[in-house]
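Data block below; observations after.
The values are calculated or read from the model by the stated rules, or taken from the named source; none is laboratory data. Since the model is a prediction, treat every value here as computed from it, not as a measurement. Glycine also receives a Cβ, built like all others from the backbone with ideal geometry; neighbour counts cover every protein chain displayed.
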Amino acid sequence: MLELKANENVFDVLEERGLIRQATHKDEIRELLGKEKAIFYIGFDPTADSLHVGHFMQIIIMMHMQRYGHIPIVLIGGGTTMVGDPSGRTDMRQMMTKEVIRANGDKFKETFSKFIDFSDGKAIIDNNADWLLELNYVDFIRTIGRHFSVNRMLTAECFKQRLETGLSFLEFNYMLMQSYDFLELHRRYNCKMQFGGDDQWSNIIQGVDLVRREMGDQVYGMTFALLTTSEGKKMGKTQKGALWLDPEKTSPYEFYQYWRNVEDADVKTCLSMLTFLPMEEVNRLSSLQDAEINKAKEVLAFEVTKLVHGEEEANKAQDSARALFSGGGNMDDVPKTQMPATAFEGEGMGVVSLIAELKLVSSKGDGFRTIEQGGLVIDEVKVTDTKLMVTKEMFKDGKILIKKGKKTFHLIELI
């Protein structure tokens, strides 16, 4: 864990690690963070039943801030999720019921408690459903809506990119609601800063402006880097979808493997943004060349998995990965599926159907291409026949290991 240095300002730490992107008042924010315990908030809309690795970036920010004595407010967006954030979207979000949103929010709370210390007033958790769902619409647009210029809103990036495909009036309200959150949290807790991903910049600056117009107080906003590759593509997407923090949705082994297999060019970014390793160590590891860079990737995968799933699970994942790549360790935590032996009796099951069922490929067409390109191996033997039938006799001790490409492994056990 990164050691705190005397008189060090967390702003400088975040900046050195490449996390800060934009700030409404850079010098004033740095000064504020250096002289008092600042209360800040980050909002999380519970649109799924688990947080994903994109959220983990924001969690890391809160952990850095809390370690330097500042007080995070984790705001669950029980109200804003009823509308849906259009930022970064090409279509409208699916409407969700209050019950589903509430259940998702409860799961979010459980996850946050693993990373943030909520004891003795060190952090606050709140839900904007408490004030947004009870608002009187006419009162709201009279008191809050009058401060917003439609012309200015339409220049915001989150709206501009949607005008071509269609922006609903429902979503148009999202910016007002998020801005109102900042006003409400400022009133309730003297919250002085709102943080978020860089795609939230338009919403954040409107919130800062609303607090100034409505209360005459100066508050601040700051955005942080989105987790992207060196080519600008969003990280955290797997063949099965998002890289979830819930071990039931993304196993610790799969989580570990994702970071173990990042591109060489992304190692420094991930080490600096997603771990608490000192920057001297980050720079040393990321400067390794050729095959040596794999040592840095192992450290990255272990450190991030340890933060999210604990040291025991990180060790298990590392042992399993080494078992596959170098023949040592155990394979207990390799992704596995149990299938009935009857499915492989007689003629057996077609190999393409099998890997499609296991979701190792996105479709049967993808399965045919994978085999034709030499990308499938069963128990160390490359599959060259797309019509191969996998039979019960091919299983050794009731198991076979399928390898897709260089990085994806899956164990099948007969029951």
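Structure summary
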{"item": "Some residue of region 22-35 being within 23 Å of HIS186 (Cβ to Cβ) and part of a loop (DSSP other than H, G, I, E, B)", "result": "yes"}
{"item": "Residues (small (Gly, Ala, Ser), at pLDDT below 95 and within 25 Å of the chain's Cα centre (by Cα)) located in region 26-49", "result": "ALA48"}
{"item": "When residues of region 89-141 are limited to those that are hydroxyl-bearing (Ser, Thr, Tyr) and in a helix (DSSP H, G or I), the one nearest to CYS191 (Cα to Cα)", "result": "SER119"}
{"item": "Segments classed as helices (runs of 4 or more DSSP H), wholly inside region 151-202, with at least 3 members that are surrounded by 20 or more Cβ atoms within 10 Å (Cβ to Cβ)", "result": "174-189"}
{"item": "Residue identified as over 30 Å from GLN206 (Cα atoms), under 18 Å from the mean Cα position of the chain (by Cα) and modelled with pLDDT of 95 or more among PHE276, PHE255", "result": "PHE276"}
{"item": "Enumeration of residues in region 209-245 that are in a loop (DSSP other than H, G, I, E, B) and either within 13 Å of the chain's Cα centre (by Cα) or of a type in the set (A, V, I, L, M, F, W, C) (or both)", "result": "VAL219, ALA225, LEU226, LEU227, MET235, GLY236, LEU243, LEU245"}
{"item": "Condition check for SER179: over 22 Å from PHE11 (Cα atoms), in contact with an Asp or Glu (Cβ under 8 Å, 6 or more places away or on another chain) and polar (S, T, N, Q)", "result": "yes"}
{"item": "Pairs with Cβ under 6 Å, 6+ apart, first in region 338-358 and closer than 11 Å to GLU393 by Cα and in contact (Cβ under 8 Å) with a residue 40 or more places away in the chain, second among the β-branched types (Val, Ile, Thr) and part of a loop (DSSP other than H, G, I, E, B)", "result": "PHE344/THR391; GLY348/THR391"}
{"item": "Output for region 381-415, where each listed residue is within 34 Å of the chain's Cα centre (by Cα), surrounded by fewer than 16 Cβ atoms within 10 Å (Cβ to Cβ) and within 28 Å of GLU263 (Cβ to Cβ)", "result": "GLY405, LYS406, LYS407"}
{"item": "First in region 38-59 and closer than 14 Å to GLU110 by Cβ, second anywhere and of a type in the set (Lys, Arg) and assigned to a loop (DSSP other than H, G, I, E, B), Cβ under 6 Å, 6 or more apart", "result": "SER50/LYS249"}
{"item": "Out of ILE101, ILE29, sole residue that is closer than 17 Å to MET193 by Cβ and aliphatic (A, V, I, L, M)", "result": "ILE29"}
{"item": "Qualifying residue in region 246-264 (condition: in a strand (DSSP E or B), touching a residue at least 12 places away in the same chain (Cβ under 8 Å), hydrophobic (A, V, I, L, M, F, W, C) and crowded, with 19+ Cβ neighbours inside 10 Å)", "result": "no"}
